[in-house]
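No value in this document is a laboratory result; all are computed from the given coordinates. Since this is a predicted model, take the numbers as computed values, not measurements. Every residue, glycine as well, gets a Cβ built from its backbone with ideal geometry; the counts of neighbours run over all protein chains shown.
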Amino acid sequence: MNGAKDIGGSDATGGKAAPWRAVVLTIFPDMFPGCLGQSLVGKALADGVWSLDAIDIRDYARDRHRSVDDVPFGGGPGMVMKPDVVDAALEAALAKAPAGAPALYLSPRGARFDQARARALAASPGVTLLCGRFEGVDQRVLDKRGIGELSIGDFVLSGGEPAAACVLDACVRLLPGVLGASDSLGEESFEDGLLEYPHYTRPASWDGRDVPAVLTSGHHANIKAWRRAQAEKITAERRPDLWAKRAAPTRH
Ligand SMILES: C[S@@+](CC[C@H](N)C(=O)[O-])C[C@H]1O[C@@H](n2cnc3c(N)ncnc32)[C@H](O)[C@@H]1O
């Protein structure tokens, strides 16, 4: 049985550049596209800027119960995803993925996902993401396939699907044409090793609080300097790790 749920985008380009291809392996294919079908990222999916295939790992089970997990060798709590089943699903996924697209297992043990990794993945032809459930995947299938591991943070989710959605959202919004011309990627958090400055909109006075006067001054150089100083202050206060990483911080 073919376990792919072709969610969209792949045939909608009408001769334009090939879409960025995401292939997700999951035992819950109905979780996709989920939030990825909404807003800018959802529009990009509908427009064929990217495509999404959700492969149901359970379709590659070999018994009549469609089992994907078994008890851990060595004892202990929980269940482990079976190597033969995951491997067969991976075989199908890798056949769909474009050459050069990395395959990654979402895991709390993985390298930490960040904006630099999002940029690198967005610059590749796509990505294949394996979503774990239970206690995770039998190590042998990861070793056999040489699959890297990617974590979205130091906490434990009940499954890899929400992590896959985070990774895909962060990548897709970086693809050419996904954000409107008015959205500046360059000034966002992490783009310059800094968190972003605070934002304000109308009314200029609300609930007894005024926006900082410099923002209504019309003086563009002063506004730019104020925003830069705010970004540096917030980064130094909230993320000393990011602040320390900056090669030559400009101090005001
Ligand atoms: C309950 S977790 C397994 C946790 C694992 N036993 C451990 O202690 O590291 C089930 C699945 O959720 C996913 N997951 C959980 N936390 C994650 C995180 N921080 N980043 C990426 N994936 C995560 C992984 O795919 C994992 O296999």
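Applying the criterion of at least 1 residues that are away from the ligand (no atom under 14 Å from the Cβ) to the strands (runs of 3 or more DSSP E) found wholly in segment 58-153 leaves 126-131. Candidates G136, G126: the one that is touching a residue at least 12 places away in the same chain (Cβ under 8 Å) and touching a Lys or Arg at 6+ places or on another chain (Cβ under 6 Å) is G126.
Select from segment 24-40 the residues that are under 15 Å from G126 (Cβ atoms) and in contact with a Cys (Cβ under 8 Å, 6 or more places away or on another chain) and list them in ascending order. Once the filter is applied, which keeps residues that are under 15 Å from G126 (Cβ atoms) and in contact with a Cys (Cβ under 8 Å, 6 or more places away or on another chain), segment 24-40 yields V24, L25. The residue that is farthest from the ligand (Cβ to nearest atom), among those in segment 154-166 that are crowded, with 19+ Cβ neighbours inside 10 Å and of a type in the set (A, V, I, L, M), is A165.
Among the residues of segment 164-173, is any of a type outside the set (F, W, Y) and assigned to a loop (DSSP other than H, G, I, E, B)? Scanning segment 164-173, I find at least one residue that is of a type outside the set (F, W, Y) and assigned to a loop (DSSP other than H, G, I, E, B), so the answer is yes.
In this structure, does D169 turn out to be out of contact with any helix residue (DSSP H, G or I) (no Cβ under 7 Å at 6 or more places or on another chain), away from the ligand (no atom under 11 Å from the Cβ), of a type outside the set (F, W, Y) and closer than 24 Å to P108 by Cα? When the stated conditions are applied, D169 does not pass them.
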